[in-house]
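In what follows, a single structure is set out as structure tokens and then discussed.
The values are calculated or read from the model by the stated rules, or taken from the named source; none is laboratory data. Predicted, not measured: the structure shown is a model, and the values here were computed from it. Cβ coordinates were reconstructed from backbone atoms using ideal geometry, including for glycine residues, and neighbour counts include every protein chain displayed.
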């Protein structure tokens, strides 16, 4: 039985995040606004880097839905899929730009052992040339995706973009579609 039977009334149904948002719309608008500000607004981190962080956190949390969705976004904004796969294997050996690795190391520590964050992790980020704002944005992305991963897993969303990839048209749309646009498409945001 699904965790939320109304979201998947048939045994073969695969619940999607949109079904959750439509069933419980009261908090969706501010959540999507936050996504837009954090992931698409001004930041020292590029959109691709922010999506890479979202993908990484979701992968660490084994959230297939968010990992798949944000892996697609990272690819749309220029991150090679092979880099994402290598990053999930091992940050140190992944052929990622050296500058992003301290941010990912910080996020990994924050994600898995937040009480063990030490100044040495922040210093590595600053030594790589990042600002406090960049680090704060990375921290917020980590927090947001821990939040979103738990909404997805807690409600039983099992839709997997690895099994059902988006069409070419959907990929093109992702480059310009905001998170608020997604809410409008669902009919729950004005």
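Details
- Per the listing 71, 75, 109, the residue uniquely in contact with a helix residue (DSSP H, G or I) (Cβ under 8 Å, 6 or more places away or on another chain), at pLDDT 95 or above and either surrounded by fewer than 14 Cβ atoms within 10 Å (Cβ to Cβ) or outside any loop (DSSP other than H, G, I, E, B) (or both) is 109.
Here's the yes/no breakdown for (1) within 18 Å of residue 157 (Cβ to Cβ); (2) touching a helix residue (DSSP H, G or I) at 6+ places or on another chain (Cβ under 7 Å); (3) surrounded by 18 or more Cβ atoms within 10 Å (Cβ to Cβ); (4) in contact (Cβ under 8 Å) with a residue 24 or more places away in the chain:
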residue	(1), (2), (3), (4)
6	yes, yes, no, no
32	yes, yes, yes, yes
54	yes, yes, yes, yes
80	no, no, no, no
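- Taken together, 188, 139 contain a single residue that is free of Cβ contacts under 8 Å to residues at least 40 places away in the same chain and buried (at least 16 other Cβ atoms within 10 Å of the Cβ), which is 139.
- All positions within the stretch 19-30 that are surrounded by fewer than 18 Cβ atoms within 10 Å (Cβ to Cβ), touching a helix residue (DSSP H, G or I) at 6+ places or on another chain (Cβ under 8 Å) and over 10 Å from residue 155 (Cβ atoms): 29
- Residue, modelled with the lowest pLDDT, within the stretch 78-96, restricted to residues that are in a helix (DSSP H, G or I) and under 15 Å from residue 54 (Cα atoms): 81
- Counting only residues that are surrounded by 14 or more Cβ atoms within 10 Å (Cβ to Cβ) and either more than 22 Å from the chain's Cα centre (by Cα) or within 20 Å of residue 180 (Cα to Cα) (or both), the stretch 38-52 holds 8 of them.
- Residue 139 vs. criteria in a helix (DSSP H, G or I) and over 21 Å from residue 16 (Cα atoms): yes
- Within the stretch 112-135, the set of residues being assigned to a helix (DSSP H, G or I), without any contact (Cβ under 8 Å) to a residue 60 or more places away in the chain and surrounded by 13 or more Cβ atoms within 10 Å (Cβ to Cβ) comprises 121, 122, 124, 125, 126, 135.
- Residues in the stretch 9-42 that are in a loop (DSSP other than H, G, I, E, B) and either at pLDDT below 95 or in contact with a strand residue (DSSP E or B) (Cβ under 9 Å, 6 or more places away or on another chain) (or both): 9, 10, 11, 12, 13, 14, 15, 16, 24.
- Residue check for residue 173: assigned to a helix (DSSP H, G or I) and without any contact (Cβ under 8 Å) to a residue 60 or more places away in the chain: yes
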